[in-house]
Amino acid sequence: MRLCGRAAAVRRRVLCLWLLLLGFALVTLALSDLFNRDRDHSHQNPAPPRRPLQRIPSAPDLEVIVDSWDPALELGVDVAPLKSLQEDQLLFVPSTQGTKNPTQRKGTYKVILPGVIKGTTAPPARTHEEIGKQVRLHLEDKEKDDELSAVQKYGFNEVLSERISVQRRLPEARHPECLGEQYSESLPSASVVICFHEEAWSTLLRTVHSVLDTAPKQYLQEVLLVDDLSQHGHLKSVLSEYVSHLEGVRLIRSNKRLGVGGCRSLGAARAAGEVLVFMDSHCECEKGWLEPLLERVAQDRTRVVSPIMDVIHWQTFQYNATQWPVRGVFDWRLDFSWESNPQLQEKDPDSAVQAMRSPALGGGVVVIDRHFFQSVGGYDPGMLLWGAEQIELSIRVWSCGGSMEVVPCSRVAHVDHHHLPYVFPDQEGLQRNKIRIADTWMDAYRKIFYRRDTLAHFIRQSESPNITERLRLKRSLGCRNFHWYLTTVYPQLYIPQDRPALSGELYNVGTGSCADLPRGQGLQGGVMNVAPCSGTGSQHCDLNSDSEVRWGPMGALCLDAEGEKVVVTPCPKHKPSSSSSSSSSSRLQWKFIKLSGQLVHQQSQLCVEAVKEGGLSQSSQGEANTRTSTGRLLLRPCTHHPRQQWHFEQLVAPKGA
Ligand code: UDP
Ligand code: MN
């Protein structure tokens with residue numbers, strides 16, 4: 001009997017185990033079905049949105065908010081099993097029992113109340129950790145996708161990122177003096193607006209958790225996640241569910257693709273905090289980052305500020321502290337960069353903790369008073385998807401009464417990822433954004449831009465941007481002109497002279513190629529080559545009245561000689577005075593003889609010659625070959641050989657654009 005009883009118990013246990021396994025298998029099946037379905041969607045062109053708009057006819061631009069921050073919503077947390085979550089049903093359940101009346105929200109979006117998702121009894125709530133774990137398990141499965149495809153999908157090593165905790169802590173990188181800084185006790189409240197489009201799960205969640213873990217509660221009004229029409233499965237109901245468990249985090253979904261500026265403007269319109277913190281969806285905040293920023297804005301509401309942006313490597317996810325002092329700049333192609341320059345640091349010992357004025361700020365984290373943001377014109381609504389919106393904001397803020405600075409006691413790290421094709425369905429979107437900047441803000445200086453970005457020039461020739469509203473805004477705000485900006489805010493930017501026949505691509509008659517600096521040489525310059533003429537403006541140079549040949553989109557590199565090699569090196573900060581005949585300045589001086597096409601190095605009186613790699617003669621080669629030939633630039637005794645004959649070819653007529 002006892003034996004029988006034991007056998008029955010064992011059978012029962014085995015049965016239980018089987019049932020458990022069966023249950024688990026069913027849930028896994030449902031989950032993988034859900035993800036696969038979403039994944040399929042993500043590979044298609046965004047299908048016509050499956051929105052049951054007919055349900056709410058008065059809301060053509062329906063957005064959705066998942067809210068957890070209202071304590072009333074915390075009461076009846078209901079989490080339906082994942083398999084029952086139909087994305088659009090979930091997102092568009094009318095919230096009739098809510099504490100918030102949709103009409104109070106202008107009727108353009110709904111608040112999802114987790115308790116009324118299905119209106120049925122539901123299994124007990126899962127914690128966000130459990131949801132996260134489930135998503136991670138699913139993603140680990142996908143690790144069979146190699147790292148390469150993950151990099152292709154996100155522009156960074158997502159497989160590695162998934163293995164790093166969403167709550168990792170960054171090492172302390174602040175200057176020791178920052179740790180003793182005191183901040184006002186009554187700082188303004190902040191809404192952290194995080195827009196995302198097809199962001200990876202791990203990086204998005206790490207961003208959110210790092211804000212929650214580092215921002216003092218009394219200053220953090222909310223974290224506002226704004227989904228810019230993502231299609232990836234993990235950003236749908238799983239994310240809604242996850243977020244509904246996080247106190248102080250709201251999720252808004254746009255049903256139109258808005259782009260960076262539009263998405264941030266939407267977040268700003270819904271934000272309740274006094275100060276807006278626009279943050280990319282792949283950031284990690286360091287301890288104490290928020291207070292110094294809020295303090296600077298509280299002292300002057302027209303100040304727009306940024307932390308030092310540290311770098312998370314896209315491949316290794318290693319953290320790299322950025323060297324202070326650093327400031328945001330842009331070049332004549334309207335590309336933004338951070339410039340770390342120890343020489344900028346004054347001798348003043350306080351400078352390690354003092355904010356530094358910056359001609360521009362990057363988009364990674366921008367902190368701005370909400371009212372000032374609105375009154376200075378938000379983000380330009382005419383800008384497309386991605387690119388250069390931070391430059392537009394920077395020029396506008398400075399020109400229209402505000403200022404910008406980097407605050408060194410605040411640090412936030414950002415994953416510097418590659419740009420992905422889906423961000424650029426329209427390859428010319430970035431150029432169109434730049435055209436808006438040039439035509440709205442740069443006055444006659446815009447020609448300098450168009451000469452260095454010929455794609456923008458050609459687009460501009462066939463279409464005109466509609467900037468009427470922005471010009472009206474500029475007038476009504478009484479904004480200053482670009483000359484003021486260049487001389488007062490950004491005097492470090494070299495202003496090219498671009499004289500006809502003395503600027504443009506430097507075309508070599510003998511090789512049919514153009515003078516070129518190989519990619520990846522950076523700000524320090526390097527050895528000059530000849531390469532196929534790009535025609536894009538990337539090889540533009542400018543022989544100025546100081547006899548310098550200025551190279552690069554900043555014009556900050558100067559044609560120079562190292563022995564027989566022709567190189568470019570950083571130009572001296574101060575103008576070489578014409579009376580001085582110091583060797584360093586004459587090394588940078590060149591004379592162009594139009595008649596012979598010779599470019600003569602003033603110090604050595606030698607001529608620039610294009611020499612084919614290996615020094616072979618090209619006389620035996622055909623035209624087609626010579627057109628694409630590459631080679632080095634060397635100083636040689638002057639002759640009349642075609643390889644010593646050059647033209648400055650302007651791609652954009654002086655009166656163009
Ligand atoms: N983003 C968006 N909509 C878009 C393109 C980008 O919401 O159409 C988001 C993106 O997810 C990121 C932020 O805007 O959080 C800035 O984009 P990204 O990081 O690609 O810009 P980068 O840092 O490379 O300049
Ligand atoms: Mn980014």
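When GLN431 is tested against (1) at pLDDT below 95; (2) within 15 Å of ligand 1 (Cβ to nearest atom), just one condition goes unmet, and that condition is (2). Here ASP516 fulfils each of the conditions (1) at positive phi; (2) out of contact with any helix residue (DSSP H, G or I) (no Cβ under 6 Å at 6 or more places or on another chain) apart from (1).
All of (1) within 15 Å of ligand 2 (Cβ to nearest atom); (2) modelled with pLDDT under 95; (3) not acidic (Asp, Glu) hold for LEU384 with one exception: (1). Look at the stretch 593-604: where a residue is outside any loop (DSSP other than H, G, I, E, B) and a partner is surrounded by fewer than 16 Cβ atoms within 10 Å (Cβ to Cβ), sitting 6+ places away or on another chain with Cβ atoms under 6 Å, you get VAL600/LYS591.
Considering the conditions (1) within 16 Å of ligand 2 (Cβ to nearest atom); (2) at pLDDT 95 or above, TYR422 is excluded by exactly one of them, (2). Scanning the stretch 553-592 for residues that are under 19 Å from TRP332 (Cβ atoms) and out of contact with any strand residue (DSSP E or B) (no Cβ under 9 Å at 6 or more places or on another chain), we see that the one that is modelled with the highest pLDDT is LYS573. Could you say whether any residue in the stretch 246-256 is within 16 Å of ligand 2 (Cβ to nearest atom), surrounded by fewer than 24 Cβ atoms within 10 Å (Cβ to Cβ), in contact (Cβ under 8 Å) with a residue 12 or more places away in the chain and not aliphatic (A, V, I, L, M)? No.
The residues of the stretch 280-319 that are closer than 18 Å to TYR219 by Cβ, touching a helix residue (DSSP H, G or I) at 6+ places or on another chain (Cβ under 7 Å) and within 16 Å of ligand 1 (Cβ to nearest atom), listed by number, are CYS283, CYS285, PRO307.
Given the criterion under 27 Å from the mean Cα position of the chain (by Cα), buried (at least 19 other Cβ atoms within 10 Å of the Cβ) and hydrophobic (A, V, I, L, M, F, W, C), identify the matching residue among CYS533, CYS479, CYS514.
Details: CYS533 fails: under 27 Å from the mean Cα position of the chain (by Cα); CYS514 fails: under 27 Å from the mean Cα position of the chain (by Cα).
Only one candidate qualifies: CYS479.
Between LEU229, LEU220, LEU187, LEU179, the distinction of being under 23 Å from SER265 (Cβ atoms), more than 23 Å from the chain's Cα centre (by Cα), of a type in the set (A, V, I, L, M) and surrounded by fewer than 24 Cβ atoms within 10 Å (Cβ to Cβ) belongs to LEU220 only. Against the criterion of being closer than 28 Å to ARG169 by Cβ and within 16 Å of ligand 2 (Cβ to nearest atom), SER210 qualifies. Taking the conditions (1) more than 16 Å from ligand 1 (Cβ to nearest atom); (2) surrounded by fewer than 17 Cβ atoms within 10 Å (Cβ to Cβ); (3) not in a helix (DSSP H, G or I) in turn, HIS418 satisfies each one other than (1).
The values are calculated or read from the model by the stated rules, or taken from the named source; none is laboratory data. Computed from a prediction, not measured in an experiment: that's the story for all the values here. Glycine gets a Cβ as well: all are built from the backbone with ideal geometry, and neighbour counts include every protein chain shown.
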